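Reviewing the structure listed below.
Only the coordinates and a few stated rules stand behind these numbers; no lab work does. It should be emphasised that the depicted structure is a prediction, and the values quoted were computed from it without experimental measurement. Here Cβ is always computed from backbone atoms with ideal geometry, including for glycine, and neighbour counts include all displayed protein chains.
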Amino acid sequence: MLARAYAAWLTQREPTDDARARVIFGLLRATLEERELPMDLRLLDLVDDAAEWPLDPSPAVVLAEWDNGVSASDPPLDRRLRSAQVLGEALDLMYAVESAGRRSGEPTSRRASGSYFTPRSVARSLVDECLRTPLLARVKEGTPLWLCDPAMGGGAFLLEAVAGLARVRVSAGQTLDSALEEAGCTACGYDQNPLAVATAEAALFCLTGLRDWRARLHALDSLRDEGVGRLEGFDWVIGNPPWVAFQGRAAQKLAPDRRAWLRRTYAAFSGYPTLHGVFAERAAQLAPHGLVSLLLPSSLSDLDGYRAARAAVAQSHVPHEPLLEYGQDAFSGVVQPCFGLVASPRSDVPPPDAGRPWRLRERTRHHLGAAHQEVPAALQALASLPKLPPACFGELGLQSNRRVSSELFWRGADPPPAFSVPLLEGRNVRAFHVAPPRLFMKPDPAVLSETRCRLRPLSDYERVGFVVRQTAAMTIAAPHNGLRFRNSLLAGYAHDEFDVDLLVGLLNSQLLRAFHASRQRDARQAAFPQVKVAHLRSLPAPPATRAARDLVRASSRVLAASDAAPSSSEALELTRVLDSAVFDLYELSEQDRRDVARYYAARF
């Protein structure tokens, strides 16, 4: 309801902090009802106290929809918490509405800041994980605990953390008001967005009734020491730092002097340069003897580009492995999976492999159970073998954009004459076979030039020996037919003793598919699983056993020549023969083969 009303309102005006603040202020007043409004709230610095609610319907109607499902029988703390959370959720919803409809890659305040209000269930889960750690057990004794969120946004984690601490104190015999006051009076937060700080302050007042938040909530950059180092150290740092990358396709702009400062100041920035990696290091600095708990993209747990970030955390803290993954549907509109980093201060020297990957209790969806899957010893042993030649794999696919797709593409079996360039896609490829294209392109030089879309010469594609699907949970390869293809396919090339038949057979085998799944978390995610060039180049090369390689080649050729349906008994028997040949090639024992088969069946 609020989204529709705000979207309609935006059709006549540009979004401003004043407009957003007026919405938050209207919800705050409706939430408080008869409770006195503190006149020193920062939200009042952003709006006139008499500012009118700018939307239709009224804030009471909007709140009623938000409170759907709240029962009078719910604990008082839960009811107060839910009312307080609405403010930050409303701010996040407004940013989401403003970003909706923008073109891919077009800058928005939400995309540039990487800010999303953490869903209640995720924030509660991470808080509960932390409260079970020995480091926070002293809360039951009434010991003050200094809490900090270094990038608090609208206050999602501060609200849940304060409420969680209050629950522990209530269970130990304190009254609710006293427990909230004690938990809140040692909570601190920082954010560069003044409206977010004002929203978090108003929400925390709703929850705790405390009025002195100005001393502990600050609109500043917590990556710098100014205004943060006034405490000896925090007992608990928690939060969802901005997920912003400064490299790759999703890279955001970064001033050269800021980039240079981040590189000088934070070891985590020397790898894959991201704000979330830097905040992981900063959190460890803010709580040198306390608990660190952050919501982070799952890629930070294992990708080599984040080795420096993991090593920076490991200098002073030890993660509580396996760490809990929340699935890629934990955030509405965000498909990147995330996990909760929980780390206690280190009591020994950092290990030599401080940047090693962290183990996760994985799950693809938030509602599913999480488990750490043990990788069979046979697959672990394959990692020590030499790798397939890097020259066997490359990226050659056509990169399109929205204009190219809408103006130059035609989909169907009988294209008009102007659409003269057939294009293969990932959907055309299954193991050992390439189906005829159903996508055709009009090679309009003017549009291609204006959109910077490069149409490579056909001769580049005629040199490709095989293609591999990029969006797939497993390696799927087929001999190439010489046509151009989109970037949903990767290019494969014969190289030295690795010919097309051998490589296609290996990539479609149960053994290498299981190995790929065991090593690449990208392959294990539910939405948009990925096979990347780097993944393919990390696959183990088989021993140079001529007879065994010839058997794999022969099985590959037979499968490529067969027109049997993939699920037919003939195709299944041919695949079994190939898998057996690949097992023979890599010299796996019968027990190892059974272990790999069970792992494969569990994944696929």
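Positive-end ranking of LEU46, GLY189, TYR493 along the dipole of the chain, with charges on Cβ about the Cα centre, is headed by TYR493. Labels on offer are (1) 48, 27, 20; (2) 38, 36, 24; (3) 50, 30, 21, and the one holding semi-axes √(5λ) of the Cα gyration tensor in Å computed from this structure is (3). Could you pull out the trypsin sites (Lys or Arg not before Pro) across the range 1-85 that fall in loop regions by DSSP (anything but H, G, I, E, B) with no more than 14 other Cβ atoms inside 10 Å? Sparse-neighbourhood loop trypsin sites (Lys or Arg not before Pro): ARG13, ARG35.
Computed per residue of the chain from DSSP H runs no shorter than four, each worth -39500 (n - 2.57), the mean residue ellipticity at 222 nm is -12000 deg cm²/dmol. Counting other Cβ atoms within 10 Å as a rough exposure proxy, the listed residues THR274, THR133 run THR133, THR274 from fewest neighbours to most. Under 22 Å of direct C-alpha separation, and excluding same-chain neighbours fewer than eight residues apart, LYS387 reaches these lysines: LYS532. Rounded to the nearest 10 degrees, the inclination of helix 17-32 to the longest alpha-carbon principal axis of the chain is 60 degrees. Enter the angle in degrees (range 0 to 90, nearest 10) between the Cα long axis of helix 194-208 and the first principal axis of the Cα atoms of the chain, meaning the one along which they spread out most. For 194-208 against the chain, the angle is about 60 degrees. Dipole size of the chain about its Cα centre, with +1 on Lys/Arg Cβ and -1 on Asp/Glu Cβ: approximately 1540 debye, rounded to the nearest 20.
Taking 0.36 nm per residue of sequence separation and removing the Cα-Cα distance, the GLN192/ASP45 pair yields an extension gain of 51.3 nm. Summary of packing: across the peptides 234-242, 477-485, 121-129, 44-52, the per-residue average of other C-beta atoms within 10 Å ranks them, highest first, as 234-242, 477-485, 121-129, 44-52.
Residues whose amide H lies under 5 Å from that of LEU439, counting only those 5 or more places away or on a different chain, are GLY412, LEU423; hydrogens are built 1.01 Å from N in the peptide plane. Backbone amide hydrogens, once placed in the peptide plane, bring PHE485 within less than 5 Å of LEU398, LEU424, excluding anything fewer than 5 places away on its chain. Against the main long axis of the alpha-carbon atoms of the chain, helix 120-131 sits at an angle near 80°. Per-residue Karplus couplings for the range 39-44, computed as 6.51 cos²θ - 1.76 cosθ + 1.60 with θ equal to phi - 60°, are listed in order as 6, 9, 4, 5, 4, 6 Hz, Gly and Pro entered as x.
Calculated FRET efficiency, LYS387 to ALA3, Cβ-Cβ distance, R0 = 60 Å: about 0.75 to the nearest 0.05. Each of ARG356 and ARG452 was given a label point 7 Å from its Cα along the Cα-to-Cβ line. The distance between the two points is 4.2 nm. Hey, for a label at GLN591 modelled as a point 7 Å past Cα toward Cβ, could you say which residues of the range 375-394 have their backbone N under 14 Å away? In the range 375-394, the label zone of GLN591 (backbone N under 14 Å from the point 7 Å along Cα→Cβ) covers 376-379.
In a reduced charge model with +1 at each Lys and Arg Cβ and -1 at each Asp and Glu Cβ, the range 382-603 shows a dipole moment near 800 debye about its Cα centre. For the range 1-40 versus the range 404-456, the inter-centroid distance based on Cα atoms is 47 Å.
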